[in-house]
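Notes follow the structure.
Bear in mind that the values in this text are calculations on the coordinates, not laboratory data. Worth saying up front: this structure is predicted, and the values here are computed from it rather than measured. When we count neighbours, we look across all protein chains shown, and the Cβ atoms used for this are built from the backbone with ideal geometry, even at glycine.
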Amino acid sequence: MSAQAVPIGRINAFVRWVARTPWPVFTLGMLQSDIIGALFVLGFLRFGLPPEDRIQLQDLPVFNLAIFLGYLFVSFTVGAYLALRLLIPVIRWQRRDTLLSKSDPDITELARVRALKMPYYRTLISVTNWFLGSIVFIVASWPVASKSAPVVLVATALGATATAIIGYLQSERVLRPVAVAALRGGVPENFRAPGVILRQVLTWVLSTGVPVLAIVLALVASKFSILTASADRLITPLLLLAIAALVIGLSSTVLVAMSIADPLRQLRWALGEVQRGNYNAHMQIYDASELGLLQAGFNDMVRELAERQRLRDLFGRYVGEDVARRALERGTELGGQERDVAVLFVDLVGSTHLASTIPAGDVVNLLNEFFRVIVDTVNRHGGFVNKFQGDAALAIFGAPIEHPDASGGALAASRELHDELLSVLGTDIEFGIGVSAGRAIAGHIGAQARFEYTVIGDPVNEAARLTELAKLEEGHVLASAIAVSGALDAEALSWDVGEIVELRGRTVPTQLARPMNLVLPGAAEPDRDVTDEVTEDIAESDLTG
């Protein structure tokens, strides 16, 4: 490849890149608005005034006309050059000049400010060209319009005002993609964009102020004999001004209305997405005024909502959805209240021996599946799993949410849990399930800086002891007769009340109850080890009164 082909390829790539940006449309918009404004002013001076006051441009000397046309060419060239010079940092920034942005962050900030101020720069260049052009035009047309110089000056000034305002509003809309990128890092310091009020004022000036002022000036000029024609000959010019006011007013009002309605329409869509639970919805910030602050504020609000939802989800996973919902709705404070609850305890047998014979990863997968079955089963019966500790789990029915049949729910969950665990764990891994019911204290226990929701009382202690005893039972499920008597008949009839025993650590005897019609695994002596003491630790430490 020749050395000459590399620059040509880069130039072609750059041209293709520029063609995909808004800058070509922005440049054509500058030329279009200036041409339309110039044609409007020249048409008014040539055809809008009464015949005796019209400027006969065809009588203009060729040299004077050449001077004016030459100024138009020079002014547009200079304006395009100034706009390009202002755009160089913006184009480099848009091209992701990484080395430049890293070596001098101030240049990146300059590019962002320039990008946001380009509508203002365009308006300033246009107004300057029109001001100088009006002077050149008056001088060039002096031989045929010496008496109409004030009219020419006023018409040019009004045309420049209309062109500048329409150009500014049009530029803001065309350069929205650039503004989105420039505002991605926030509004630059010391930058102020025209707000909604100023835009409305500009629209009033364009649609009402300029045409009405032109009509007033035309009548004043006729009154003080600045115009040759009498007042009754001004009907046609005034009619043309009124039509121009309607057309220009409509276009400018539509532009301003769209600049306000677009972010509001986008906000309405984003709000609908958030209401449907989509916290990834956000608004593109392309305005540095109050509307941009609204867009940025909405995005900040959605981020906060997403973060709160994530924390709420994590909170619910740690403490249970019911506890989390109750805490969010009513707040939290240390202490508790006495409740009628049912307690279900589940504990594996021989997990320490299991951990020494199979890989740790398999043990983790086994425990996760074990706890998954417990959580799903308990949730189906209206309880919540309050605590995981080692290979044991504590589930509560009747707190913090009231349960219509806490004892029945716990008993039904224990029977279903027995069958589910057998199908998941098989007959090689044994477990024990204990169910108790009675009065207990349910609430937040701990310190202000760190506490948890739990249940303390005799039912917890009894359920833990029943779990120990259930490990020695063939069915691995035991309940207290009190729990069975507190359940509705639909569940109580599925249990068989048996002997009375004294459980370790309790002074009151417990009458046992066993579920009927259980699918029993092959009888085997459980391999008890130190992990079976987890239920004892839970019962004797933070779960008993």
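Taking 0.36 nm per residue of separation and subtracting the Cα-Cα distance, full extension of the segment from ARG308 to ILE401 would add 31.2 nm. Name the residues of region 364-389 whose amide N is less than 17 Å from a point 7 angstrom out from the Cα of ILE358 along the C-beta direction? Only 364-374 fall inside the zone, counting backbone N under 17 Å.
Net charge within 15 Å of ARG85 by Cβ-Cβ distance, Lys/Arg positive one each and Asp/Glu negative one each, not counting ARG85 itself? After counting each charged neighbour, the total is +4. Residues whose amide H lies under 5 Å from that of LYS387, counting only those 5 or more places away or on a different chain, are LEU394; hydrogens are built 1.01 Å from N in the peptide plane.
Report the gain in length on full extension from PHE63 to VAL212: 0.36 nm times residue separation, minus Cα-Cα distance, nm rounded to one decimal.
Values: separation 149, 0.36 × 149 = 53.64 nm, distance 3.58 nm.
Separation in residues times 0.36 nm, less the Cα-Cα distance, equals 50.1 nm.
Spacing of the modelled spin labels on ARG46 and THR236, each 7 Å from Cα toward Cβ, amounts to 1.5 nm. At full extension, VAL497 and ASP300 could sit 64.9 nm farther apart than now, given 0.36 nm per residue minus the alpha carbon distance. Remark: spin-label model distance ARG268-ARG92 equals 4.4 nm, labels positioned 7 Å along the Cα→Cβ axis.
Each residue in HIS476, HIS444 was given a count of other beta-carbon atoms within 10 angstrom of its own, and listing them fewest first yields HIS444, HIS476.
Here the label points at PHE76 and LEU39, each 7 Å from Cα along the C-beta direction, are separated by 1.2 nm in the simple model. When peptides 402-414, 270-282 are sorted by average Cβ neighbour count within 10 Å, with the highest value leading, the order is 402-414, 270-282. Cβ crowding within 10 Å ranks ASP458, ASP300, ASP347 as ASP300, ASP458, ASP347, fewest other Cβ atoms first.
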